[in-house]
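Shown next, in structure tokens, is the structure this report addresses.
The values are calculated or read from the model by the stated rules, or taken from the named source; none is laboratory data. Since the structure is predicted, the reported quantities are computational estimates derived from the model, not experimental observations. In this analysis, Cβ positions are derived from the backbone assuming ideal geometry, glycine residues included, and neighbour counts consider all displayed protein chains. The area values use the complete protein model at the heavy-atom level, side chains included, leaving out ligands, DNA and RNA. Shrake-Rupley method; radii C 1.70, N 1.55, O 1.52, S 1.80 Å.
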Amino acid sequence: MFTERQINALKYVIAYSKDGNSLVKQMFWLLLDESKLMRKEVCITLIEGEGFSEEEVRDAGYGASGFSSTLGSTQIDQIMIAMGTDFRFSYHYGRYGEDGLDTSGQFAGISEERMLASAEDAKALVKEGVPVAYTFWLARDHYSRTATLVPVVREQLISIDLNKSGLYPDLENQQLEA
């Protein structure tokens, strides 16, 4: 569907975007790589205490929103529409698993009575002490239930060099002489 050069151009746009932080950009790059030129729907979940701090997980969730928000500068959804793909980046609070998305603890501290959910759902949503988690997708549908969950560890993400999108390999491979 897409060429490696097109994916590298998208990575370049992501790397130099004003939106998101390095971790968000590295996640998006990983999702692009794992999608096999946007032929496969994929997702990753970051979980507090599993290599990431609560602040990092929350910042990743908030940072991802800047890429598609009308208040952001990148407008990644429109770029992907222009590329002719129906794949989109999306994100949601919670951990993705075999049973779908578990959003337990999303509204910890809010009373069950204030929740507009069934009693069982409300109990899970307001549960205290659940590690913060966000799931990030590259898929045709927001929060796709058919995406493949890609296991990810911190070292893998932070090792992604945002200066090497592959768009300009001759320049990226040059090393400055000391």
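Would you check which residues across segment 18-53 are in a loop (DSSP other than H, G, I, E, B) and either among the hydrophobic types (A, V, I, L, M, F, W, C) or surrounded by fewer than 19 Cβ atoms within 10 Å (Cβ to Cβ) (or both) and list them?
The answer is LYS18, ASN21, LYS36, LEU37, MET38, ARG39, LYS40, GLY49, GLU50, GLY51, SER53.
Do you know which of the residues in segment 4-16 that are out of contact with any helix residue (DSSP H, G or I) (no Cβ under 7 Å at 6 or more places or on another chain) and either outside any loop (DSSP other than H, G, I, E, B) or touching a residue at least 40 places away in the same chain (Cβ under 8 Å) (or both) is farthest from THR85 (Cα to Cα)? Explain how you work it out, then say what you get.
Filtering segment 4-16 down to residues out of contact with any helix residue (DSSP H, G or I) (no Cβ under 7 Å at 6 or more places or on another chain) leaves 4-5, 8-9, 12, 16.
Adding the requirement that they be either outside any loop (DSSP other than H, G, I, E, B) or touching a residue at least 40 places away in the same chain (Cβ under 8 Å) (or both) leaves 4-5, 8-9, 12.
Working: GLU4: 14, ARG5: 15, ASN8: 15, ALA9: 14, TYR12: 18 Å.
Ranking the qualifying residues of segment 4-16, first place goes to TYR12.
How many residues are open to solvent by 60 Å² or more (accessible area, probe 1.4 Å) and closer than 23 Å to LYS18 by Cα if we restrict to segment 75-87?
Looking only at that region, the number is 3.
Looking at (1) of a type in the set (Asp, Glu); (2) surrounded by 16 or more Cβ atoms within 10 Å (Cβ to Cβ); (3) out of contact with any Phe, Trp or Tyr (no Cβ under 6 Å at 6 or more places or on another chain); (4) not in a helix (DSSP H, G or I), which is the one condition that is false for ASP59?
Of everything listed in (1) of a type in the set (Asp, Glu); (2) surrounded by 16 or more Cβ atoms within 10 Å (Cβ to Cβ); (3) out of contact with any Phe, Trp or Tyr (no Cβ under 6 Å at 6 or more places or on another chain); (4) not in a helix (DSSP H, G or I), ASP59 misses just condition (4).
For segment 28-69, which residues satisfy the criterion of being among the aromatic types (Phe, Trp, Tyr) and at pLDDT below 95?
TYR62, PHE67
Check whether at least one residue in segment 88-105 is under 20 Å from SER35 (Cα atoms), free of Cβ contacts under 8 Å to residues at least 12 places away in the same chain, open to solvent by less than 70 Å² (accessible area, probe 1.4 Å) and not aliphatic (A, V, I, L, M), and report yes or no.
No - not one qualifying residue is present in segment 88-105.
For GLY72, are the conditions met, namely being surrounded by 14 or more Cβ atoms within 10 Å (Cβ to Cβ), part of a loop (DSSP other than H, G, I, E, B) and at pLDDT below 95?
Yes, satisfied.
Could you please give the count of residues in segment 156-166 that are touching a residue at least 12 places away in the same chain (Cβ under 8 Å), surrounded by fewer than 18 Cβ atoms within 10 Å (Cβ to Cβ) and more than 21 Å from GLN6 (Cβ to Cβ)?
So the count comes out to 2.
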